[in-house]
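What follows is calculated from the coordinates using simple rules that are stated; it is not laboratory data. Computed from a predicted structure; not experimentally measured. Ideal geometry is used to build each Cβ from the backbone, glycine not excepted, and the neighbour counts take in all protein chains shown.
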């Protein structure tokens with residue numbers, strides 16, 4: 001097992017969590033987007049992680065794919081809105097800002113944990129190099 005393996009595992013975690021942060025940010029930014037090029041309101045997205053084997057002992061993580069949440073949109077009664085249906089309802093995205101903020105905090109904490117692991121492995125490698133240079 002090498003120090004580079006530890007760096008690769010931590011780096012894979014940072015990359016996966018960065019994409020997760022991007023997706024969560026997109027969800028928050030589009031929480032009130034009622035029209036999209038595809039038609040209808042913005043659909044919440046989420047990432048699916050899968051393990052990524054680096055060696056016999058080292059397993060990192062990667063984003064397998066981004067999924068669209070097909071939960072029905074929230075219907076808000078607003079008959080004066082030009083986008084209202086015949087019953088006066090406007091379809092809003094299926095996004096709960098509180099849930100997205102909790103997910104954002106979780107992704108941020110996971111990203112920070114991977115940074116800590118990366119820095120610890122880097123410091124260990126630098127210590128070994130220092131010992132070998134003596």
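Looking at segment 91-109, is at least one residue touching a strand residue (DSSP E or B) at 6+ places or on another chain (Cβ under 7 Å), farther than 27 Å from residue 128 by Cα and in a strand (DSSP E or B)? Working first, answer last.
First, pick out the residues of segment 91-109 that are touching a strand residue (DSSP E or B) at 6+ places or on another chain (Cβ under 7 Å): 91-92, 94.
Next, from what is left, pick out any that are farther than 27 Å from residue 128 by Cα: 91-92, 94.
Adding the requirement that they be in a strand (DSSP E or B) leaves 91-92.
Yes, there is a match, as at least one residue in segment 91-109 is touching a strand residue (DSSP E or B) at 6+ places or on another chain (Cβ under 7 Å), farther than 27 Å from residue 128 by Cα and in a strand (DSSP E or B).
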Taking residue 4 as meeting all but one of (1) within 21 Å of residue 119 (Cα to Cα); (2) in contact with a helix residue (DSSP H, G or I) (Cβ under 7 Å, 6 or more places away or on another chain); (3) exposed (fewer than 14 other Cβ atoms within 10 Å of the Cβ), write down the number of the exception. (2)
Out of segment 51-62, which residues are more than 17 Å from residue 117 (Cβ to Cβ) and either under 13 Å from the mean Cα position of the chain (by Cα) or outside any strand (DSSP E or B) (or both)? 56
Has segment 19-40 got at least one residue that is in a helix (DSSP H, G or I), without any contact (Cβ under 8 Å) to a residue 40 or more places away in the chain, exposed (fewer than 14 other Cβ atoms within 10 Å of the Cβ) and more than 10 Å from the chain's Cα centre (by Cα)? yes
Take the conditions without any contact (Cβ under 8 Å) to a residue 40 or more places away in the chain, more than 30 Å from residue 5 (Cα to Cα) and surrounded by 13 or more Cβ atoms within 10 Å (Cβ to Cβ) and apply them to residue 84. Does it pass? yes
So for segment 64-76 (the condition being without any contact (Cβ under 8 Å) to a residue 24 or more places away in the chain, surrounded by fewer than 16 Cβ atoms within 10 Å (Cβ to Cβ) and either part of a helix (DSSP H, G or I) or out of contact with any strand residue (DSSP E or B) (no Cβ under 9 Å at 6 or more places or on another chain) (or both)), does at least one residue qualify? no
